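Participant: Just dropping this structure here.
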Amino acid sequence: MINKIGIVGGGNIGGVCVSEIVNRGLAREVALVDVKDPEFAAGKCLDIAEATPVYGRDIRVIGSKSYDILEGCDFVINTAGVPRAMRPDGTFPSREELLAINLKITDFVAAGIKKYAPNAFVISIANPLDAIVYRLFKKGGFKPNKIMGMAGVLDSARYKYFVSQEAGISVENIEAVVLGGHGDTMVPVRSATRIYGMPVEEFVTKAKLAKIEKRTRGAGGEVVKLLGSGSAFVSPAVSALEMIEAIAFDKKKIVPVAAYLQGEYGVKNLFVGVPVVLGKNGIEKIIKVKLNADEKKALKVSINAVKKTCAEVDKTK
Ligand code: APR
């Protein structure tokens, strides 16, 4: 069992992370930090703590506005950020303005984790994913094997779900890989998608697969549109916990994560979604997937998109 997990940001995703950790009995203690209101995180945690007798879990659940609550964490999940919302004057912030705001928040988060839990494994969920995890790494000074972005688990889960629905086969029988950035350039790798070990094309037509891959690339936006306000929160939260479980239980599990690449896939010093082996040392190995010519081309486009965003990050002080 893990001793302590910290969650930064107690909104929709942070809340599910805390309650799901309690539900699974994953740690002895969960600490939530959110700067929203003085008592917001404490309130959220008291609500969940009061449910521990119902869950049947003796887990300490604490929340605060102050980052010192993260002291001693083995893992920290970062969900802090502001969404793209309408201003009181009816206008929306531009993409650049939003990135600048979220980078400021990330700098604050990086300083907090660095001060109170410098040796924790850091899993970042906040968007824009590729930019935020890159900034956290730069500002927090975390080791490359101990910091990663959560995107691939979710993106490949979405891909698996859509394939399962189309094929009429259990989600448990679907194996899928999604590479690249966490955005509309992500690359669902059809040649690596299998149903019970067999090529996916034996179950789903090429035309249907093309539709599924397009839907996967836009899946986050699809949920945003349906919800009306906010974005997906259950699927990202449980995806991050899958990563934590692989590390905590030293599973040596191959999981797609946004990992710091140092030459792999021809990429240097950027976080890109690739399959890695997760074990007690965090990212223990980066797995190279064989790609066909089209997939290679698509991955290049995706990597260039990440490169462009990170160049913007580097320009922002
Ligand atoms: N430190 C701690 N918490 C912060 C900070 C900060 N510096 N700045 C903002 N927060 C908190 C907010 O107060 C809010 O409660 O982060 C929380 C974010 O919660 P939501 O707005 O509900 O967002 P959520 O749906 O949980 O998504 C979080 O993950 O998937 C991404 O795009 C999503 O970037 C977003 C993030």
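What follows draws every value from the coordinates through simple rules; no lab data is involved. This structure is a prediction, so every number in the text was calculated from the model and none was measured. All Cβ positions, glycine included, derive from the backbone under ideal geometry; neighbour counts span all protein chains shown.
Participant: Which residue, L98, P118, F108, has the largest displacement toward the positive end of the dipole of the stretch 89-133 when charges sit on each Cβ (Lys, Arg +1; Asp, Glu -1)?
Facilitator: Selected residue: P118.
Participant: On C-alpha positions alone, give me the angle between the axis of helix 152-167 and the longest principal axis of the chain, in degrees, nearest 10.
Facilitator: Roughly 50 degrees between the two axes.
Participant: Take every Cα-Cα distance within the stretch 2-149, group them into 5 Å bins from 0 onward, and report for each bin the whole-number percent of pairs it holds.
Facilitator: Result returned by the calculation: 2, 11, 20, 22, 19, 13, 8, 4, 2, 0.
Participant: Next question, about the same structure. Nearest 5 percent is fine: what portion of the DSSP beta bridges confined to the chain is antiparallel?
Facilitator: Values: 22 of 44 bridges.
Counting only bridges with both partners in the chain, antiparallel ones make up about 50 percent.
Participant: How much length would be gained if the chain were fully extended between E172 and K285, taking 0.36 nm per residue of separation minus their Cα-Cα distance, in nm to one decimal? Intermediate values should be presented prior to the final figure.
Facilitator: Numbers: separation 113, 0.36 × 113 = 40.68 nm, distance 2.48 nm.
Using 0.36 nm per residue and subtracting the Cα-Cα distance, I get 38.2 nm.
Participant: Considering all alpha-carbon pairs of the stretch 47-120, what whole percent are spaced by more than 16 angstrom? Let's see the in-between values first.
Facilitator: Numbers: 1717 of 2701 pairs.
Beyond 16 Å sits 64 percent of the P(r) for the stretch 47-120.
Participant: Next question. Could you check the spin-label model distance between K253 and K225? Points 7 Å from the Cα along Cα→Cβ, value in nm.
Facilitator: 3.2 nm
Participant: Oh, and also: So what's Rg/Rh here for the stretch 152-315, counting alpha carbon atoms and using the Kirkwood radius for Rh?
Facilitator: On the way: Rg = 15.8 Å, Rh = 16.5 Å.
Computed over Cα atoms, the ratio is 0.96.
Participant: Show that you can apply the helix-only estimate: for the chain, add -39,500 (n - 2.57) for every DSSP H stretch of four or more residues, divide by all residues, and state [θ] at 222 nm to the nearest 500.
Facilitator: Details: 10 runs with 136 residues, N = 317.
Here the helix-only value at 222 nm equals -13500 deg cm²/dmol.
Participant: Hey, rough spin-label estimate for D89 and S191, points 7 angstrom out along Cα→Cβ, what's it come to in nanometres?
Facilitator: It is 5.2 nm.
Participant: Relative to the first principal axis of the alpha-carbon coordinates of the chain, what is the inclination of helix 95-116, with its axis defined by its Cα atoms, in degrees from 0 to 90 and to the nearest 10?
Facilitator: Helix 95-116 and the main axis of the chain meet at about 60 degrees.
Participant: For helix 40-49, what angle does its Cα long axis make with the longest principal axis of the chain, in degrees from 0 to 90 and rounded to 10?
Facilitator: Taking the Cα atoms of the chain, the angle to 40-49 is about 80 degrees.
Participant: Of K208/K307; K138/K252; K253/K280; K4/K253; K139/K315, which pairs sit farther than 19 Å apart, going by alpha carbon to alpha carbon?
Facilitator: In this structure, K208/K307; K138/K252; K4/K253 exceed 19 Å between Cα atoms.
Participant: Just how many % of Cα pairs in the stretch 105-196 lie over 15 Å apart, if you round to the nearest whole percent?
Facilitator: Working: 2646 of 4186 pairs.
Percentage above 15 Å: 63.
Participant: Bin width 5 Å, origin at 0, all Cα-Cα pairs of the stretch 1-47: what percent of pairs per bin?
Facilitator: Calculated P(r), rounded to whole percents: 5, 24, 34, 23, 10, 3, 0.
Participant: Using amide H atoms built in the peptide plane, which far-off residues or other-chain residues are under 5 Å from F75 H to H?
Facilitator: K4, G6, F121
Participant: Taking all pairs of different Cα atoms in the stretch 201-248, averaging 1/r and flipping that mean, what Kirkwood radius in angstroms comes out? Each step should come with its number before you reach the end.
Facilitator: Working: mean 1/r = 0.0771 Å⁻¹.
Roughly 13.0 Å, rounded to one decimal.
Participant: Here's something else I'd like to know. So for the stretch 2-149: antiparallel DSSP bridges make up what percent, rounded to the nearest 5? Spell out each step's value before the answer.
Facilitator: Values: 0 of 22 bridges.
Expressed as a percentage, antiparallel bridges in the stretch 2-149 total about 0.
Participant: With charges set only on the Cβ (+1 for Lys and Arg, -1 for Asp and Glu), what does the dipole of the chain come to about its Cα centre, in debye to the nearest 20?
Facilitator: On the way: 45 positive and 34 negative charges, 208 e Å.
Dipole magnitude for the chain comes out near 1000 debye.
Participant: So for S19, S124, fewest C-beta neighbours within 10 Å to most, what's the order? Spell out each step's value before the answer.
Facilitator: Numbers: S19 18, S124 32.
Neighbour counts put them in this order, fewest first: S19, S124.
Participant: What does the charge add up to near F137, with Lys and Arg as +1, Asp and Glu as -1, over the other residues with Cβ less than 14 Å from its Cβ? Provide the component values of the computation, followed by the final result.
Facilitator: Working: positive: K114, R135, K138, K139, K143, K146, K268; negative: D107, D130, D314.
Summing Lys/Arg as +1 and Asp/Glu as -1 gives +4.
Participant: Which value, in debye to the nearest 20, describes the size of the charge dipole of the stretch 152-315 about its Cα centre when Lys and Arg Cβ atoms bear +1, Asp and Glu Cβ atoms bear -1, and nothing else is charged?
Facilitator: Here the stretch 152-315 has a charge dipole of around 420 debye.
Participant: What is the ratio of the Cα radius of gyration of the chain to 2.2 N^0.38 Å, where N is its residue count, to two decimals?
Facilitator: Relative to the rule-of-thumb radius for its length, the chain sits at 0.98.
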